[in-house]
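Remarks on the structure that follows.
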Amino acid sequence: MRMLNNRKRFSDLSEREVLALAIASEEDDARIYRNWAEFLRADYPATAAVFDGVGDEEDEHRRQLIEAYRSRFGEAIPVIRREHVAGYYSRRPAWMMQNLSLDAIRAEAATMEHDAAEFYTRAAQASSDAATRKLLGDLAAAERGHEERAGELSDEHLTPEAREEEDAISHRNFVLTWVQPGLAGLMDGSVSTLAPIFATAFATQDTGTTFLVGLAASLGAGISMGFTEAASDDGIVSGRGSPFKRGLSSGVMTAIGGLGHALPYLIPHFWTATIIACIVVFIELWVIAWIQNRWMQTPFWRAALQVVVGGGLVFATGVLIGSG
């Protein structure tokens, strides 16, 4: 709270402080662009080259600002950063950016340029020195023009072949990080919980007990699958992405797969609940087959045969054990 109270309002900054803030901001933005470039270089070299170019533009802005500051105020630049100014735009730390998709990073870059342009526009309006006002106005126009400049850099580095290759890598990473663990979780949750749920249902014919067993089995399986997926591979060598994302996808989809045919047993009438649960199971199995076909390029009828036959055997096992 004390730190927040000590922050200055933008309107209270002197021109010397405004220029110092602009210098620090350009330095930070250049570092952010280069961090993105380094993060993306292995999988997206063309986009990394674009961010390298934008980082060079930010360095040039910083150089111009330092020259303007030196000509008016000398060599000593005060230490003032974004967090020292109330209401000033902020930047997310680099470690948060690593969880963003390629499209999200590009959108974040556009937001950065918009924020910087708004800052320079306000700063130019508040400046009393003609040369400084002109420089700040030019920088505002330059920040607004960065989108066009990024387009020029994209045309230079992101050839149709490079963009197609990067799109293929992005699709592969999405499949490895989200789809594959989620599909494994959905299959495990949908199939492995069939036996205990339907065994309990036919053994007790008590919908309340069956629901509790299904709830426990689904949530327990979700937690287990989530931790197992996250702990099994850190994604560095395999390239399968963040273990947190994979664990989250696997755990949530496992729980959903089991809850799908457990929730009907909230209905107090046994046969009504069981018939609805069977319909849900049928839908779940066909959805799994569709996902395998859509994202994993598995022929649909082969996927359907594997899932339906396997699920049918587990379902029959649960019914036979419960009826016996």
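The values are calculated or read from the model by the stated rules, or taken from the named source; none is laboratory data. This is a predicted model, so every value here is computed, not measured. Here the Cβ positions follow ideal geometry from the backbone for every residue, glycine too, while neighbour counts run over all protein chains shown.
For region 118-161, the set of residues classified as modelled with pLDDT of 85 or more and either hydrophobic (A, V, I, L, M, F, W, C) or outside the structural domain of ARG82 (by TED's automatic domain parsing) (or both) consists of PHE119, ALA123, ALA124, ALA130, ALA131, LEU135, LEU136, LEU139, ALA140, ALA141, listed by residue number. Being at pLDDT 90 or above and out of contact with any Asp or Glu (no Cβ under 6 Å at 6 or more places or on another chain) is the requirement here; does THR177 meet it? The answer is no for THR177. Does ARG63 qualify as being touching a strand residue (DSSP E or B) at 6+ places or on another chain (Cβ under 7 Å), more than 19 Å from GLN125 (Cα to Cα) and assigned by TED's automatic domain parsing to the domain that holds ALA140? So ARG63 fails the test.
Pairs meeting the criteria (first residue in region 122-141 and under 14 Å from TYR69 (Cα atoms), second residue modelled with pLDDT under 90 and of a type in the set (Phe, Trp, Tyr), beta carbons under 8 Å, at least 6 apart or on different chains) are LEU136/TYR120.
Please state which one of TRP271, TRP295, TRP290 is assigned by TED's automatic domain parsing to the domain that holds GLY182 and under 18 Å from GLY189 (Cα atoms).
After ruling out the rest, the residue left standing is TRP290.
Picking from residues in region 279-322 that are hydrophobic (A, V, I, L, M, F, W, C) and in contact with a His (Cβ under 8 Å, 6 or more places away or on another chain), the one that is surrounded by the most Cβ atoms within 10 Å (Cβ to Cβ) is VAL281. Of the helices (runs of 4 or more DSSP H) entirely within region 1-88, those holding at least 3 residues that are within 31 Å of the chain's Cα centre (by Cα) and among the acidic types (Asp, Glu) occupy 15-40, 45-73. Scanning region 197-218 for residues that are assigned by TED's automatic domain parsing to the domain that holds MET296, small (Gly, Ala, Ser), farther than 20 Å from TRP290 by Cα and free of Cβ contacts under 8 Å to residues at least 40 places away in the same chain turns up at least one hit. When you look at ALA46, is it modelled with pLDDT under 90 and in contact with a Lys or Arg (Cβ under 9 Å, 6 or more places away or on another chain), yes or no? Yes: the conditions hold for ALA46.
Is it the case, given these coordinates, that GLY318 is touching a residue at least 40 places away in the same chain (Cβ under 8 Å), in contact with a Pro (Cβ under 9 Å, 6 or more places away or on another chain) and closer than 14 Å to VAL191 by Cβ?
The answer is yes for GLY318.
The residues in region 232-253 that are touching a Gly at 6+ places or on another chain (Cβ under 8 Å), modelled with pLDDT under 85 and under 20 Å from MET187 (Cα atoms) can be counted, and the count is 1. Condition (residue is touching a Pro at 6+ places or on another chain (Cβ under 8 Å), at negative phi and modelled with pLDDT under 90) applied to region 266-273: is it met by at least one residue? No, every residue in region 266-273 fails to be touching a Pro at 6+ places or on another chain (Cβ under 8 Å), at negative phi and modelled with pLDDT under 90.
Which of the residues spanning region 21-61 are charged (D, E, K, R), under 27 Å from LYS8 (Cα atoms) and crowded, with 19+ Cβ neighbours inside 10 Å?
The answer is GLU26, ASP29, GLU58.
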